[in-house]
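Everything below concerns the one structure shown next.
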Amino acid sequence: MTNPQWNAVDTYFTETIAPADEALTSALAESAAAGLPEIAVAPNQGKLLHLLARIHGARSILEIGTLGGYSTIWLARALPTDGRLITLEYDPAHAEVARTNIARAGLDKIVEVRTGAALDSLPQLEAEGAGPFDLFFIDADKVNNPRYVEWALKLSRPGSVIVVDNVVRGGRITTPDPDDPAITGTRELFELVAAEPRLDATAVQTVGVKGYDGLLLARVIG
């Protein structure tokens, strides 16, 4: 679902207040050249993630779903020089593209890309005492979103922020669909967040070059 006017407005926003630079442009170009799906966040959405991390004063970030590292670069640029970002990517080929893009952006000293299923990597992070993280960005397989948020809670502290991408599903979120695991997982995510007393949350719908979708934003309060 796209709309020429949505695209034009996104382009205007990007060109005026969220312009690309060589590292960001190269990250998208290298990802496309490697055959990665074109599902990275839009530039103005990347800038939103950057600003959320800056406003929050994040020093540690956990990203679930790296793809080619485009959103990783936006987030890592918000960290102080002694900050850290761990990003989890299932596909080894995607992870290698991301590592190259992150290194080109000069961020490989504060970013670690871990390869493998996130539900395997997350217990390892807990065992290592890697948390708590200040901000989480979840943009991976939607069926496991509820599990990812449960792990984010385990690796969080009061005040941590959790952002989950792609929660509107083109408006289909309102209708249960047992044949679509992304819808099932996303609806379970909302039910979990609604019932979780440690989370204060909202969700927003978005339109633009990525079509009709939205974000869930939650703050850990206990």
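The values are calculated or read from the model by the stated rules, or taken from the named source; none is laboratory data. All figures in this text were calculated on a predicted structure; none of them were measured in a lab. Cβ atoms come from the backbone with ideal geometry, glycine included; neighbour counts cover every protein chain shown. Ligands, DNA and RNA are stripped out before the accessible areas are found, and what is left, the full protein with its side chains, is counted by its heavy atoms. Shrake-Rupley method; radii C 1.70, N 1.55, O 1.52, S 1.80 Å.
Worth a mention:
- Value of [θ]222 nm, deg cm²/dmol, for the chain, DSSP H segments ≥ 4, -39500 (n - 2.57) each, nearest 500: -13500 deg cm²/dmol
- Net +/- balance of residues flanking Thr115 in space, Cβ distance below 12 Å, scoring K and R +1, D and E -1: -3
- Potential lengthening between Glu38 and Glu22 on full extension [0.36 nm per residue; Cα-Cα distance subtracted]: 3.9 nm
- Listed by chain and number, the aspartates and glutamates whose C-alpha is less than 17 Å from the C-alpha of Lys154, apart from same-chain residues fewer than 8 away, are Glu63, Asp120, Glu126, Glu128, Asp134, Glu196, Asp200.
- For Ile17, neighbours were defined as the other residues whose beta-carbon sits under 12 Å from its Cβ, and their charges (Lys and Arg +1, Asp and Glu -1) total -1.
- In the context of the full set of protein chains, residues of the stretch 1-149 present 46 Å² of accessible surface per residue (probe radius 1.4 Å, heavy atoms only).
- Here the accessible area of the chain is 55 percent carbon and sulfur, with a 1.4 angstrom probe and all protein chains present.
- Checking [x] 16.5, 48; [y] 20.2, 67; [z] 17.9, 73 against the coordinates, the calculated Rg and Dmax of the Cα atoms in Å falls under label [x].
- In a fully extended conformation the segment linking Glu150 and Glu96 would gain 16.7 nm over its present Cα-Cα distance, using 0.36 nm per residue.
- Radius 11 Å from Cβ of Ile64, net charge of other residues (Lys, Arg +1; Asp, Glu -1): -3
- Loop GluC sites (Glu not before Pro), the stretch 1-30 (other Cβ atoms within 10 Å of the site Cβ: 11 or fewer; DSSP): none
- Using θ = phi - 60° and Karplus 6.51 cos²θ - 1.76 cosθ + 1.60, couplings along the stretch 203-210 (whole Hz; Gly, Pro as x): 9, 10, 8, 10, 10, x, 5, 9
- Straight-distance candidates among the lysines for linking to Lys210, with alpha-carbon spacing under 25 Å and chain neighbours fewer than 8 residues away dropped: Lys47, Lys142.
- Amide H contacts of Arg59 (H built 1.01 Å from N, in plane; Pro and chain starts excluded): Asp134 sit under 5 Å, all sequence-distant by 5 or more or on other chains.
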